[in-house]
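The block underneath contains the structure these notes are about, expressed in C-alpha cells.
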Amino acid sequence: LLVIFTVVCWIGSKILYRFHYTNQSLPERINHHTNLELIWSILPSLIILSIAFPSLTLIYSLDDQVETPGLTVKIV
C-alpha cells in the first residue's frame, strides 16, 4: 500500500511540475475530437453491459429453479 501510494504521489507531482502553466512558453491550441471521446466513453460501457446482462439472467434463472430447498440451516 505504501509503495503504491508513493508511486502515485511521485507520478502526480511529476505531472504537476512538468505541465505547470509557468513551464509552458506558449499556450498550445488543442482541438477536442468529440467523436473519439464519445467512442472512448460508450465502448467500455457497452462491453461491461454485454458482460453483465448474461450473468444477471443466469443468476435470476438459477434462483427461479429452486422452489423447495434441500437443506435449511437455522443459526442462533
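Quick note: the coordinates plus some simple rules give every number you see, no bench work behind them. Fair warning: this is a prediction, and the values are worked out from it, not measured in the lab. Cβ sites come from the backbone with ideal geometry, for glycine too, and all protein chains shown count toward neighbours.
Some notes on this structure:
- In range of the label at N23: residues from the stretch 1-16 whose backbone nitrogen is under 14 Å from the point 7 Å along Cα→Cβ: 10-16
- Full-stretch length increase - I75, E37 - with 0.36 nm per residue and alpha-carbon distance subtracted: 8.4 nm
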